[in-house]
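Undergrad: I'd like to ask some things about the structure below.
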Amino acid sequence: MAERLGAAGITTVEVDPRVAEDARTALWDNGYDVTAVVGDGALGHPPGAPYDRVIATVATERVPHAWAAQTRPGGRVLVPWATDFHNGALVAFEVAADGTMRGRIVGHAAFVRLRGQNGGHASPARDVREVDRARRSFTELRPYDVLDERDASLAVGLKVPHCEPVVRRHSEGAYTLWLVDPWSGSWADLKHAPGAGRFPVRQSGDRSLWDEVEAAYRWWNDLGRPTTGRWGLTVTPEGQFAWLDDEDHRIDR
Ligand SMILES: C[S@@+](CC[C@H](N)C(=O)[O-])C[C@H]1O[C@@H](n2cnc3c(N)ncnc32)[C@H](O)[C@@H]1O
């Protein structure tokens, strides 16, 4: 970027002081006098604002409004957007004159999470408890129809908050899926066996996580299986909301 645009207009923010120092040294040693700041990128960097572009190289579920506020109207903000269920989608926002920004998903991008936001904390070994008291049922929906189908997985993530999937493969085609909500203590697991028509499910806690995932999958299916490019996100000072095709079709969890 510095080569193409000139270092004077570029600011980079990194929360880890060691990584930031390495970046600064590498840039400066190569003659790029980029402003390299140590800090929380969620806050942006007001002294350099307004920016023409903001490019996040971390995944965020709640997109910081500071990025819109510090970008000039008409400017663009590119963000890897991840839910606990799905990491993630790349959203290209355009900033409006009133300081809100809206944009569509333009691709897929899995990134490490923005430090300071939740996610990526599920641990079946720690979180799966009271197995004997779990509610038992069966499902005919194959987990990989949800997890491997990006369009479905994204939609499920929109509908089902705080639900982290963890998969362990055992042998060819056999695997266990855990769904964990570390905040409520709820968990579910499902054992997939190759060739089977239905799969045993166990669910525990206040939430029935597999039921929620399955309901969200059916919701996506009934909508006509919208592809990722039809979803968008609007970020305002008050918060954010997702939509399908346009803001009139807002998605409520
Ligand atoms: C995928 S790396 C990108 C590194 C580098 N900025 C680049 O673009 O090549 C993600 C980086 O985001 C940093 N990070 C995580 N949370 C952050 C935050 N809240 N503010 C600033 N940087 C953060 C991590 O320390 C990590 O170095």
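The values are calculated or read from the model by the stated rules, or taken from the named source; none is laboratory data. The model shown is predicted, which means the values in this text are computed figures rather than measured ones. Cβ coordinates were reconstructed from backbone atoms using ideal geometry, including for glycine residues, and neighbour counts include every protein chain displayed.
Undergrad: Kindly indicate whether Ala109 is within 13 Å of the ligand (Cβ to nearest atom), farther than 19 Å from Val160 by Cβ and in contact (Cβ under 8 Å) with a residue 12 or more places away in the chain.
TA: Answer is yes for this residue.
Undergrad: In contact with a Ser or Thr (Cβ under 9 Å, 6 or more places away or on another chain) and at positive phi: which single residue out of Gly173, Gly116, Gly195, Gly185 fits that description?
TA: It is Gly185.
Undergrad: Going through segment 191-210 one residue at a time, which ones are in contact with a strand residue (DSSP E or B) (Cβ under 6 Å, 6 or more places away or on another chain), hydrophobic (A, V, I, L, M, F, W, C) and at pLDDT below 95?
TA: Matches in segment 191-210: Ala193 only.
Undergrad: Which condition from (1) at pLDDT 95 or above; (2) out of contact with any Leu (no Cβ under 8 Å at 6 or more places or on another chain); (3) of a type in the set (Phe, Trp, Tyr) is the one that Tyr217 breaks?
TA: (2)
Undergrad: Could you tell me how many of the residues in segment 6-16 are within 10 Å of the ligand (Cβ to nearest atom) and hydrophobic (A, V, I, L, M, F, W, C)?
TA: Result for segment 6-16: 2.
Undergrad: Can you find a residue that is crowded, with 17+ Cβ neighbours inside 10 Å, among the small types (Gly, Ala, Ser) and under 30 Å from Arg250 (Cβ atoms) anywhere in segment 157-165?
TA: Yes, segment 157-165 has at least one match.
Undergrad: Name, by its number, the condition in (1) under 16 Å from Ala56 (Cα atoms); (2) within 10 Å of the chain's Cα centre (by Cα); (3) more than 16 Å from the ligand (Cβ to nearest atom) that does not hold for His86.
TA: Going through (1) under 16 Å from Ala56 (Cα atoms); (2) within 10 Å of the chain's Cα centre (by Cα); (3) more than 16 Å from the ligand (Cβ to nearest atom) one by one, His86 breaks only (1).
Undergrad: Here is a further query. Could you tell me which numbered condition Glu172 fails, if it satisfies all but one of (1) at pLDDT below 95; (2) buried (at least 17 other Cβ atoms within 10 Å of the Cβ)?
TA: Condition not satisfied by Glu172: (2).
Undergrad: Next up: Name the residue, out of Glu3, Glu94, Glu21, that is touching a Lys or Arg at 6+ places or on another chain (Cβ under 7 Å) and surrounded by fewer than 17 Cβ atoms within 10 Å (Cβ to Cβ). Show your work before the answer.
TA: Details: Glu3 fails: touching a Lys or Arg at 6+ places or on another chain (Cβ under 7 Å); Glu21 fails: touching a Lys or Arg at 6+ places or on another chain (Cβ under 7 Å).
After ruling out the rest, the residue left standing is Glu94.
Undergrad: Within segment 211-253, which residues are of a type outside the set (A, V, I, L, M), surrounded by 14 or more Cβ atoms within 10 Å (Cβ to Cβ), part of a helix (DSSP H, G or I) and touching a strand residue (DSSP E or B) at 6+ places or on another chain (Cβ under 9 Å)?
TA: Passing the criteria: Asp211, Glu212, Glu214, Thr228, Arg230.
Undergrad: Of all residues in segment 17-39 being touching a residue at least 24 places away in the same chain (Cβ under 8 Å) and more than 13 Å from Met1 (Cβ to Cβ), which is nearest to the ligand (Cβ to nearest atom)? Before you say what the answer is, go through the steps one by one.
TA: Pass one, segment 17-39, residues touching a residue at least 24 places away in the same chain (Cβ under 8 Å): 27, 32-39.
This time we only want the ones that are more than 13 Å from Met1 (Cβ to Cβ), so: 37-39.
On the way: Val37: 9, Val38: 9, Gly39: 7 Å.
Across segment 17-39, the extreme among qualifying residues is Gly39.
Undergrad: Of all residues in segment 40-52, count the ones that are within 9 Å of the ligand (Cβ to nearest atom) and surrounded by fewer than 17 Cβ atoms within 10 Å (Cβ to Cβ). Walk me through how you get there before you give the answer.
TA: To start, the set of residues in segment 40-52 that are within 9 Å of the ligand (Cβ to nearest atom) comprises 40-43.
From what is left, the residues that are surrounded by fewer than 17 Cβ atoms within 10 Å (Cβ to Cβ) are 40, 43.
Adding up the residues that qualify gives 2.
Undergrad: Condition first: in contact with a Lys or Arg (Cβ under 6 Å, 6 or more places away or on another chain), surrounded by 19 or more Cβ atoms within 10 Å (Cβ to Cβ) and modelled with pLDDT under 95. Can you find one or more residues in segment 69-84 that meet it?
TA: no
Undergrad: What's the number of the only condition in (1) among the β-branched types (Val, Ile, Thr); (2) closer than 20 Å to Trp81 by Cα; (3) part of a strand (DSSP E or B) that Val146 fails to meet?
TA: Result: Val146 fails condition (3) only.
Undergrad: Another question about this same structure. Got a sec? Which strands (runs of 3 or more DSSP E) wholly within segment 58-121 have at least 2 residues that are aromatic (Phe, Trp, Tyr) and outside the structural domain of Pro182 (by TED's automatic domain parsing)?
TA: none
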